[in-house]
Amino acid sequence: MIDLEARVRHTLVAVATGTDIPPLPSPDQPTIVDPVVGRARRRQLARTAAVTAVVVPAIVGLAAAGGLLPGTFIDRLNWVPERSGPIVDASVEWGGSIDGPPGRRFEVWVATGENGEVCTTRVFVDDTVAVGATPAGIEDEGGRCSPGGTGHVFANGCGVGGSDGIYSYGCEAGPVTRAELHLADGTVMPTVIAGGEVSGWFPWTPGTPGPALLGYLGDGTPVDQFTIDPPWCASGPNRCSGEP
Amino acid sequence: MDPPTAAALGEASADVQAAGFDDVYRTLWPGLMRLGHLLTGSEVVGQEVAQEAFIGLLRRTDQVERPASYLRRAVVNLAINLQRRSSRERTYVAGLREQVQYPPEIDETWALIATLPTRQRAVLVLRFYEDLSETQIAAVIGCRRGTVKSLASRALARLRQELS
């Protein structure tokens, strides 16, 4: 019989005291160490083949640029106003798209909150509607807000949601300009990088390993690899899944 | 003059302006960052949360009597709100990378704690790391004492089930 409370206490103290406490930030000093040069935890990665599927070109500049996005659409997206304050409607813009499951397209939308935080939200939409037009068949997949600027770490703060074998994720992009999601069967899935996040989706079958997210700098240098292992939402309701 | 202790800033009435914001910051920063880390599962996010709490304090220096208590409550609430990414998603913290390699027992327990719903995790952190009473936890989270009891009970039951 384990002494559970003692074990929890011991674990929390161990994790807390292992926290890498950075120097106190000052206005002239970035608070977070550059993950590329300062984090010993990174792994060397083999270069991998380029992803064949790519983000849909931003042909359409999007209705948002002209302020044409209907408020009902903006409201339909899953922002996090308790974090960012109300979304500034004029700031809402399309961040990127990739092909989704059959009949669907995965899109990322980006906006700024009234407090200046940058928010992203992920959706699946009908692929019959042109990219940039107001989407139809919106299926909300989650969103996140965070302070803008530099200092974010690739693949930190990932969020994963989904059901019925289809999952989507959003993680901090940090310094990466390109990322790939490698499935256990060798398939390489494209990603969208927008609003400081790298986002995308993947099919997953219970009992199989989770996919690996690989990030690269602009010159092709691998930054890190992060495995998105299940379970993702062991205690979460509804669409949180991936439990053994 | 020596900076005030964390205990003095939390338990006794201490005017932030009198104590000096810089000293408050210097004294409480490490502890709040650790608390943010435990609550969010991420060092980086924990830092953001702690900084945001200090920004809140800076805006209210003339109103806050117990800065440590105020900041702790702010960090907890910010961490809980941060996790509310959306109704269809829970922040994935179990696999967040750590710089430190822990013994397997700690690794296993931490991974399970990280999968708990945010409020359950917060209760465990406040009870077993911050050593707060149920009444104090209720005040920090903004719920009734019975809710704290229930959240702790469910969290421990889940951990016991998974670890047995």
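Where a number appears in this text, it was derived from the coordinates with a stated rule and is not lab data. Nothing here was measured: the structure is a model prediction, and the numbers come from that model. Cβ sites come from the backbone with ideal geometry, for glycine too, and all protein chains shown count toward neighbours.
For the stretch B:57-66, what does the Karplus curve 6.51 cos²θ - 1.76 cosθ + 1.60, with θ = phi - 60°, yield as ³J(HN,Hα) per residue in whole Hz, taken in order and with x for Gly and Pro?
5, 4, 6, 10, 4, 8, 10, 8, 8, 10
Taking the Cβ-Cβ separation of residue A:13 and residue A:115 as r and a Förster radius of 35 Å, what is the calculated FRET efficiency to the nearest 0.05?
Efficiency, from the Cβ-Cβ distance: 0.55.
Answer with one residue from A:131, A:202, A:183: the one whose Cα lies farthest towards the positive end of the charge dipole of the stretch A:113-211, charges on Cβ with Lys, Arg +1 and Asp, Glu -1.
Toward the positive end, the furthest listed residue is A:183.
Name the residues whose placed amide hydrogens come within less than 5 Å of the amide hydrogen of residue A:177, ignoring near sequence neighbours (fewer than 5 apart) on the same chain.
A:216, A:217, A:218
At a 10 Å Cβ-Cβ cut-off, how would you order B:38, B:58, fewest neighbours first?
In order of increasing Cβ crowding within 10 Å: B:58, B:38.
Around residue A:227, which amide H atoms from residues at least 5 apart in sequence, or from another chain, sit under 5 Å from its own amide H, with H modelled in the peptide plane?
Under 5 Å from the amide H of residue A:227: A:213.
Around residue A:192, with a cut-off of 10 angstrom between Cβ atoms, what is the net charge of the other residues, counting Lys and Arg +1 and Asp and Glu -1?
My count for the surroundings of residue A:192 gives -1.
Describe numerically, in nm with one decimal, the distance between label points set 7 Å from Cα along Cα→Cβ at residue B:26 and at residue B:143.
According to this spin-label approximation, the distance is 3.8 nm.
Taking H placed 1.01 Å from N in the peptide plane, check which residues at least 5 places from residue A:197 or on another chain put their amide H under 5 Å from its amide H.
Distant-sequence amide H within range of residue A:197: A:173.
So what J values fall out for the stretch A:198-215 if you push phi through Karplus, 6.51 cos²θ - 1.76 cosθ + 1.60 with θ = phi - 60°, rounded to Hz, Gly and Pro as x?
Rounded to whole hertz, the list is 9, 9, x, 9, 7, x, 8, 10, x, x, 9, x, x, x, 10, 9, 10, x.
Order of B:143, A:158 from fewest to most other C-beta atoms within 10 Å?
So the residues, fewest neighbours to most, are B:143, A:158.
Points 7 angstrom from Cα along the Cβ direction at residue A:164 and residue B:153: gap in nanometres?
In this crude label model, residue A:164 to residue B:153 measures out at 3.8 nm.
Length gain on complete extension for the stretch residue A:184 to residue A:89, per 0.36 nm per residue less the alpha carbon to alpha carbon distance?
30.2 nm
Using the Karplus curve 6.51 cos²θ - 1.76 cosθ + 1.60 with θ = phi - 60°, what ³J(HN,Hα) values do you get for each residue of the stretch A:119-126, in whole Hz, with x for Gly and Pro?
Karplus-based 3J(HN,Hα) across the stretch A:119-126 equals 10, 10, 9, 10, 9, 9, 9, 5 Hz.
Fewest Cβ neighbours within 10 Å first, please rank A:189, B:33 accordingly.
The most exposed by this proxy come first: A:189, B:33.
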